[in-house]
Ligand SMILES: NC(=O)c1ccc[n+]([C@@H]2O[C@H](COP(=O)([O-])OP(=O)(O)OC[C@H]3O[C@@H](n4cnc5c(N)ncnc54)[C@H](O)[C@@H]3O)[C@@H](O)[C@H]2O)c1
Ligand SMILES: O=C(O)[C@@H]1CCCCN1
């Protein structure tokens, strides 16, 4: 008889998921994905269904990684929260399967996985694309993703200054109280961005929050929000002037309003840069447009499950 699934709550997942193990696994799987051998890494573009009554969407993100025999799917609900900020903007559940039988081995809360793997992939892109001398980091948006991005970026790189700015001063100050470490809170996004070498956009805005004329030439932008074809975080000037990198070309062509509506051309997938088949143009202004991939959740879920299992 098939084993019964275990449920791993968010705090258990958080305890077993470390960036140190996650980052090399993500680099490996992003490279494999971009080699394009479809039988090795299977990941269809996620299907996304609207939840009309609540200004939300439900995304289904299946993935199979053949050589590691990982079969997984994440279900993620995400919302545009205009008014009630007490409601969460993202909820996620990850199912890890036994690929041979098809039964579910583990049901995991998917929030910590989503926060860490997204920040880790942005850090991988930054390692490849940010200016060699990067002194100033600027984070626009002060929610959950801002926290995980702050954590990993300040751990991996050393900045002379970290700036944050959100839609309201209150959310930026709440963020500053929540994370450990120095930062300057700005009330103007334009002032926060001025002179920054590395800019992370992690907002739930559907209108541009970052404008090309503010961005220092040669800077790197990791753009994490705007995951719908009619949502924007970046304006046309930035999209036109920068070299555009993505996690998946296929996903970007279907889901990224910044790419679709600006008509910008995608230069490369981050996996192609990791594989050495496309260059990292560090000296140019670069944008990494992140949308999130099921394979990223799959490698994270397997790490968590294996560690949990060996702790039993
Ligand atoms: N690319 C990926 O893999 C991936 C993964 C998870 C989440 N996301 C997306 O990342 C974004 C952030 O997610 P989160 O969980 O941190 O959300 P969150 O709701 O916790 O935080 C969003 C933050 O954006 C701020 N904000 C909204 N409009 C703004 C504006 N115009 N200027 C500055 N700040 C503004 C809000 O005040 C809030 O601090 C969402 O769009 C989410 O869908 C992407
Ligand atoms: O890949 C993800 O997990 C996210 C969830 C929210 C919307 C965008 N993509």
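With the condition kept exactly as written, say whether any residue in the range 121-136 is within 12 Å of ligand 1 (Cβ to nearest atom) and out of contact with any helix residue (DSSP H, G or I) (no Cβ under 7 Å at 6 or more places or on another chain).
No, because not a single residue in the range 121-136 is within 12 Å of ligand 1 (Cβ to nearest atom) and out of contact with any helix residue (DSSP H, G or I) (no Cβ under 7 Å at 6 or more places or on another chain).
Specify which of the listed residues (220, 194) is buried (at least 24 other Cβ atoms within 10 Å of the Cβ), more than 13 Å from ligand 1 (Cβ to nearest atom) and at pLDDT 95 or above.
Within the list 220, 194, the selection yields 220.
Does any residue of the range 94-109 turn out to be within 16 Å of ligand 2 (Cβ to nearest atom), touching a strand residue (DSSP E or B) at 6+ places or on another chain (Cβ under 6 Å) and part of a helix (DSSP H, G or I)?
Scanning the range 94-109, I find no residue that is within 16 Å of ligand 2 (Cβ to nearest atom), touching a strand residue (DSSP E or B) at 6+ places or on another chain (Cβ under 6 Å) and part of a helix (DSSP H, G or I), so the answer is no.
Conditions first: (1) more than 13 Å from ligand 2 (Cβ to nearest atom); (2) touching a strand residue (DSSP E or B) at 6+ places or on another chain (Cβ under 7 Å); (3) over 20 Å from residue 30 (Cα atoms). Residue 202 passes all but one, so which condition is the exception?
Every listed condition holds for residue 202 apart from (1).
Can you run down the residue pairs with Cβ atoms below 6 Å, 6 or more apart or on separate chains, where the first is in the range 154-175 and under 19 Å from residue 191 (Cα atoms) and the partner is assigned to a helix (DSSP H, G or I) and at pLDDT 95 or above?
163/192; 165/189; 165/192; 175/146
Just one of the numbered conditions (1) in contact with a helix residue (DSSP H, G or I) (Cβ under 6 Å, 6 or more places away or on another chain); (2) more than 14 Å from ligand 1 (Cβ to nearest atom); (3) in contact (Cβ under 8 Å) with a residue 60 or more places away in the chain is not true of residue 45; which one?
Going through (1) in contact with a helix residue (DSSP H, G or I) (Cβ under 6 Å, 6 or more places away or on another chain); (2) more than 14 Å from ligand 1 (Cβ to nearest atom); (3) in contact (Cβ under 8 Å) with a residue 60 or more places away in the chain one by one, residue 45 breaks only (2).
Condition check: buried (at least 16 other Cβ atoms within 10 Å of the Cβ), under 23 Å from residue 296 (Cα atoms) and either touching a residue at least 24 places away in the same chain (Cβ under 8 Å) or touching a strand residue (DSSP E or B) at 6+ places or on another chain (Cβ under 8 Å) (or both). Does residue 209 satisfy that?
Taking the combined requirement at face value, the residue does not satisfy it.
The values are calculated or read from the model by the stated rules, or taken from the named source; none is laboratory data. Keep in mind that this is a model prediction, so the values were computed, not measured. Backbone-built Cβ (ideal geometry, glycine too); neighbour counts: all protein chains shown.
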